[in-house]
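Working notes for the structure below.
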Amino acid sequence: MDSATGIKQHHVAHHFSSSAQEFEAAKLGTLVFLVTEVLFFGGLFVGYAILRMMYPAMFVEAASHLSWQLGLLNTIFLITSAFTMIMSVRSAQLNKRQACFYFLLITFLLAACFMGVKAIEYAQKFEHGLLPAMWFSGEGVAETLPLFFGLYFAMTGLHGIHIIVGMGLLIWLMIRTRRGEFYSGYFTPLEMVGLYWHVVDLVWIFLFPLLYLIR
Amino acid sequence: MNEGLMKNGSFWMPSQASTFAPGIDVLYDFIFWLSVVLFVGIFVVTAYFIIKYRRKTDDQLAVAQIIHNDALELTWTLIPLGLVMLLFVWGFNSYLGMTVPPSDAMDIKVTSKKWNWQFDYPEKKITTFGDLTVPVDTPIRLVMSSQDVIHSFFVPNLRIKQDSMPNRYTTVWFQATKVGRFQIFCAEYCGDAHSDMLGNLIVLSKKDYEKWLDNGGPSTAGMSLTDLGQRVYQTQCSACHSIDNSPKTGPTFKGLYGKLTQTSAGAVKADENYLRESIVDPMAKIVTGYPAGMITFAGILKDREIDGVIEYIKTLK
Amino acid sequence: MQTQHEEVPHPHFMIPLKYTVGTLISLLVLAVTNVIISQFDLGIYNIVIMFGIILVMATLDMLFFMGFRWERGFHIMMFLSGFVFLFIFLSFTLSDIMYRNATDPYKMQPYGIKNLVKPLPAGGEHSERTEHSE
Amino acid sequence: MTTAKPNYLNSPKGILSWIFTLDHKRIGLMYLVAIAISFALGGFFALLVRLELLNPGKLFLTSQQYNQSFTLHGAIMIFLFLIPSIPASLANFVLPLQLGAKDVAFPRLNLWSFYLYVIGAAICLYSMFAGAADTGWTFYTPYSTTTTTSVISLVLGAFVLGFSSIFTGLNFMVTIHTLRPPGMSWFRMPLFLWSIYATALIQVLATPVLGITLLLLIVERVAKIGIFDPTLGGDPVLFQHFFWFYSHPAVYIMILPAMGVISEIIPTFCRKNIFGYKYIAFSSVAIALLGFLVWGHHMYISGQSQFAALIFSLITFLVSIPSGIKVFNWIATMYKGSIQLKSPFLYCLAFLFLFCIGGFTGVVLGTISLDVHLQDTYFVVAHFHYVMVGGTLMAFIAGLHYWWPKMFGKMYNERAAVIAWGLIFVGFNVLFFFQYILGTKGMPRRYYNYLPEFQALNIVSTVGSWILAAGLFLMLGYLIHSLLKGKPAPQNPWGGLTLEWKADSPPITENFEEIHIVTGGPYEYPAATKSAH
């Protein structure tokens, strides 16, 4: 460890011949993994599209059961957190260890806010019995309304799980940043988690209008 | 007896009983013989190469290294491509013929449930179970739906098959060309008695069919109660209840009459009253150790048919 | 990339600050715009405009947040292939759902026959499901 | 063994060094063992099913036990054997060696995907004892959402196995992209790598959809979310779209690596440069991509629209072309070669023979109007067993024999191998050929009870299953014998030219002592006469 800067030098794994090759592998691997994420969520979007085609009226009614105010708030949280994530990578590239840590912390807190708002929304749905069909006891005009809430909980729930996983990754990054493992020569995990975070963001960019707004 | 599938018909296909069958069989034979010619060709060449160029000494090298020939590649890409496109057009054409019914087709409603087929003839409000009776040389359209899971209506002799779905109608049509009895299968896996979900297609001459309609469907008037009961058993009960003690979804009928049975409402002697109740209100007393899976037959079976089943059970000592 | 030497810290490409800040602001503005538009009834144009805005937002996110503006073409192709295959999945499935009964329109509602699948009762891992049926 | 050079098998020592190993060769080997056990289990259920079918009605299983047996047979064979067979075991071992690399790109992920496989397998095993599912491996709704058997556990197992498969594919894809040695351009890669690359593409692009499908199925059972549930207005056919969007490309996950193995073995045993390298390479990629566009041919009779049937049928026919190109090129490779009929090559010939029958009957099934008659009958059963067992299993065994000396440094008894080959080949054909006739005559699949007139051919088929099993047992016997008492294998027993034969048998832990620089194609064998090409 370089005691002056607090930076730990990174060592390239034995089966790579250069750090460029190692970075290239990590980047490609992450992108391919994110492709699988896109398709994983994609299945739900296909389900959404087909149900929407079959029951347009149901979606019109369903959107009125969701609060666009809370949805917008969450959108703002998530977009801002994507920005702070980028700033933390940038700070590492500029060898600013403290800034990197604090940007990660802000990202984490914004994600926590997102989950908090999500919890409020879920609580409201529970209160009104707007749940998947097994437990649905809400009131609605459309006969197929339970179907919508099945989809709603599947989509936002899966997205929420990704946020929670992302928060776990952020904690891991914060610990490693504290240890001084990221600097201008090595910040691969930061950048890769960043890419993951942007894809989670991307999914929400689609989810929010499709579920809350379009009618 | 139904027309045998194995012994009638060609080497591959069962006998032909619909207007589709000859066309399908010609297409099958065409692909079969085409495949045989290509297959034999490929393996004669392979065998020739293996014999001719077999390694005789350990250090024997290849005679020559020929690594590509674009003309050859093009040949064995384009010729098969042409052949399969021919098959595609041929196959799709005959498929369209099978899915677009003529406008004058006679509708019969098919309802599938675990594990039998119900056929409703709209004209005379006749309902039959298991047996589908149709006139020969008449286009028939089956409008199908399922009450539980997916089933599939399959008559090999007609060369038709169509899934029957819950919450949706599917249709299939055919025109029988031959008077006789043919086997109906369920071809989509649907649970324990999937392989017992059988039926018979009875093709009558137009005159006999009219007579059959006038009689209000399958004639039961002259039957003894026991015979009628056996008939009902075969179409309605046999999927879940055995008559030889073998385990099925429901309790066996063998030795059932008069037996003291443990049920959800305590021990009950299986007399006429209990049997009738079990048929019209199955959930009232459920025999211990069996699932509460039976549907009510109230409204499906006529009074005389229920009496028949009870009489039939009495004979199974 | 190949000429990079080991142990020499090589700052990778850094996304210029003006792009990230600009993207942040435009994404926020677009999100709010979308909400505003949703409050007016413009008929079919609602979906068209809003979906357009979603696509712009997604593009901005990928270009400047994920850094695709400066990324190697192969990597972008890799990532976008996910969407291509998703599109294949959706469009082929729609080719079924949209054209059902095209040649044999049976004059009844295709969806909405209410004969329901009864779950098998008792004895299974979800016997409580029976309570809900019907 | 006393003076043996240190190799990956004997150093480092100790059980922990295996459990936590990051060495792709050891992981490949552990996969091989796990897959062999799964295969034995799946085979056991196959024998049960075949035995029960000796007569119509009950022999020794109730109908529910029979349904559970064929479900487990299918699920185990597909998810635990066929999909991981060649990629996870053989390719894990061979791929970095063929690249002259020290390991795969992400060794830790590689170990993870092995443990995911083990966890998935354990969940599937658990489901066997928790009231095994009776849905068939296809899990069609609404049957799978209403049956009382333990569907969730089997589905969860398949879900976890899906991730194992995704990570393997991802790893190989990145490895092939980033770890090729100096001088190995894409067109100097062994064809096995091309096929593994194409496989990885499918694994990465299709498996996530299986993941979400199975997840939705679980949620459907737990909370009735309704997308596939007709009682709530969902569409059961949508489930079939979801399922086959993965499961049809999955067929190519199974067969493409098999084709890769064949493309390796034929040049070696013919001492011949492969004919039409680029055509074989590109046909792998073409199969992978076209394979995504044909899933609807499983659904011609399930109420799919005629328009969709038109598209799916057209593309189904197109996908047969690249497979044909491969077969023709393999046979052209034999022309003017120096052909040695050793066991790996014999299994290749069995592959060609059976795969062609499977392929031609595939054309029959692709023709829509014939498919209407043959769908869900024994014709389909016979067809996919010809492709999956006759194709993938034969190629897996061929590859196992081909690389066995490299993996363990031991030779096996060639004569026993030829006898086992004969038994397997004959047994297989007796087992499955007559099912084609049963199918065209109309016997539906998944039948516990069948019409008495079908009995004769069913008995023949069951006898075939015993011959096949005997062949496989003989194989197990001589392979174990080879491990214990086999002659030490030379570095390059078959005279192969690809890089793995430049490593020791068995290789050292980091594969190679020096970096190999590639200067030409993978199969540049010399010729007796110079010919201009």
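The values are calculated or read from the model by the stated rules, or taken from the named source; none is laboratory data. Because the structure is a prediction, the values reported are computed rather than measured. FYI the Cβ positions are ideal-geometry reconstructions off the backbone, even for glycines, and counts take in every protein chain you see.
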Query raised in the report: What are the residues in region C:48-96 that are among the polar types (S, T, N, Q) and either facing chain A (nearest Cβ under 9 Å) or surrounded by 15 or more Cβ atoms within 10 Å (Cβ to Cβ) (or both), if any?
Result: C:S81, C:T93, C:S95
Query - Meets criteria (farther than 26 Å from D:T361 by Cα and touching a residue at least 12 places away in the same chain (Cβ under 8 Å)) for D:W421 - result: no
Query raised in the report: Does at least one position in region B:95-107 carry a residue that is facing chain D (nearest Cβ under 8 Å), touching a strand residue (DSSP E or B) at 6+ places or on another chain (Cβ under 6 Å) and either crowded, with 20+ Cβ neighbours inside 10 Å or at positive phi (or both)?
Result: no
Report summary line: In the set B:S145, B:S112, the lone residue that is within 11 Å of chain D (Cβ to nearest Cβ), small (G, A, S) and farther than 17 Å from B:L204 by Cα is B:S145
Query raised in the report: Before we move on, is A:L78 more than 10 Å from chain D (Cβ to nearest Cβ), modelled with pLDDT of 90 or more and within 25 Å of the chain's Cα centre (by Cα)?
Result: yes
Query raised in the report: Within the bounds of region D:234-246, is there any residue that is more than 10 Å from chain A (Cβ to nearest Cβ), under 19 Å from the mean Cα position of the chain (by Cα), crowded, with 23+ Cβ neighbours inside 10 Å and under 23 Å from D:A398 (Cα atoms)?
Result: no
Report summary line: Checked region D:468-489 for anything part of a helix (DSSP H, G or I) and farther than 20 Å from D:L41 by Cβ; matches are D:Y478, D:H481, D:S482, D:L483, D:L484, D:K485
Report task. May I ask you to list the residues in region D:352-386 that are farther than 21 Å from D:P257 by Cα and within 17 Å of the chain's Cα centre (by Cα)? Result -> D:V381, D:A382
**Report entry** Residue in region B:17-27 that is among the β-branched types (V, I, T) and facing another protein chain (nearest Cβ under 7 Å) present
**Finding:** yes
Query raised in the report: Residues in region B:241-255: is at least one more than 14 Å from every other protein chain (Cβ to nearest Cβ), in contact (Cβ under 8 Å) with a residue 24 or more places away in the chain and either within 16 Å of the chain's Cα centre (by Cα) or crowded, with 18+ Cβ neighbours inside 10 Å (or both)?
Result: yes
Query raised in the report: Of the residues that make up region B:67-85, is at least one touching a strand residue (DSSP E or B) at 6+ places or on another chain (Cβ under 8 Å), among the polar types (S, T, N, Q) and in a loop (DSSP other than H, G, I, E, B)?
Result: no
**Report entry** Pick from region B:148-179, criterion among the β-branched types (V, I, T) and away from chain D (no Cβ under 12 Å), ranking: farthest from B:A193 (Cα to Cα)
**Finding:** B:T177
**Report entry** Residue within region D:260-269 that is within 11 Å of another protein chain (Cβ to nearest Cβ), in contact (Cβ under 8 Å) with a residue 60 or more places away in the chain and assigned to a loop (DSSP other than H, G, I, E, B) present
**Finding:** no
**Report entry** Qualifying positions in region B:12-29 - in contact with a helix residue (DSSP H, G or I) (Cβ under 8 Å, 6 or more places away or on another chain), closer than 30 Å to B:G82 by Cβ and hydrophobic (A, V, I, L, M, F, W, C)
**Finding:** B:W12, B:M13, B:F20, B:A21, B:I24, B:L27
**Report entry** Every pair of residues 6+ apart whose Cβ atoms lie under 6 Å, when the first sits in region D:63-83 and is under 12 Å from D:G136 (Cβ atoms) while the second is surrounded by 24 or more Cβ atoms within 10 Å (Cβ to Cβ) and among the acidic types (D, E)
**Finding:** D:N67/D:D134; D:Q68/D:D134; D:T71/D:D134
**Report entry** Filter result for the condition that a residue is touching a residue at least 12 places away in the same chain (Cβ under 8 Å) and outside any helix (DSSP H, G or I), over D:K278, D:K272
**Finding:** D:K272
Query raised in the report: Residues in region D:19-34: is at least one under 21 Å from D:M407 (Cβ atoms), in a loop (DSSP other than H, G, I, E, B) and basic (K, R)?
Result: no
Query - Meets criteria (aliphatic (A, V, I, L, M) and facing chain A (nearest Cβ under 10 Å)) for D:L217 - result: no
Query raised in the report: Does D:L349 satisfy the criteria of being of a type in the set (A, V, I, L, M, F, W, C), under 28 Å from B:V89 (Cα atoms) and either within 16 Å of the chain's Cα centre (by Cα) or assigned to a helix (DSSP H, G or I) (or both)?
Result: no
Query - Test set (1) modelled with pLDDT of 85 or more; (2) over 20 Å from the mean Cα position of the chain (by Cα); (3) more than 8 Å from chain D (Cβ to nearest Cβ) - A:Y48 fails condition number - result: (2)
Query raised in the report: Cβ-Cβ below 8 Å, separation at least six or inter-chain, first residue in region A:199-210 and at the interface with chain C (Cβ under 7 Å from one of its Cβ atoms), second surrounded by fewer than 24 Cβ atoms within 10 Å (Cβ to Cβ) and among the hydroxyl-bearing types (S, T, Y): which pairs?
Result: A:P209/C:S38
Query raised in the report: Of all residues in region B:209-225 being surrounded by 15 or more Cβ atoms within 10 Å (Cβ to Cβ) and over 15 Å from B:E305 (Cβ atoms), which is modelled with the highest pLDDT?
Result: B:Y209
Query raised in the report: For B:G191, all conditions in the list (1) more than 21 Å from D:H373 (Cβ to Cβ); (2) touching a strand residue (DSSP E or B) at 6+ places or on another chain (Cβ under 7 Å); (3) modelled with pLDDT of 80 or more; (4) not in a helix (DSSP H, G or I) hold save one; what is the number of the exception?
Result: (2)
Query raised in the report: If you take the residues of region B:39-49 that are of a type in the set (A, V, I, L, M, F, W, C) and crowded, with 17+ Cβ neighbours inside 10 Å, which of them is farthest from D:I357 (Cα to Cα)?
Result: B:F49
Report task. Please specify each residue of region D:282-319 satisfying the condition of being under 24 Å from D:P267 (Cβ atoms) and crowded, with 22+ Cβ neighbours inside 10 Å. Result -> D:S283, D:S284, D:I287, D:A288
Report summary line: Of (1) among the aliphatic types (A, V, I, L, M); (2) surrounded by 21 or more Cβ atoms within 10 Å (Cβ to Cβ); (3) in contact (Cβ under 8 Å) with a residue 24 or more places away in the chain, A:M115 satisfies every one except (2)
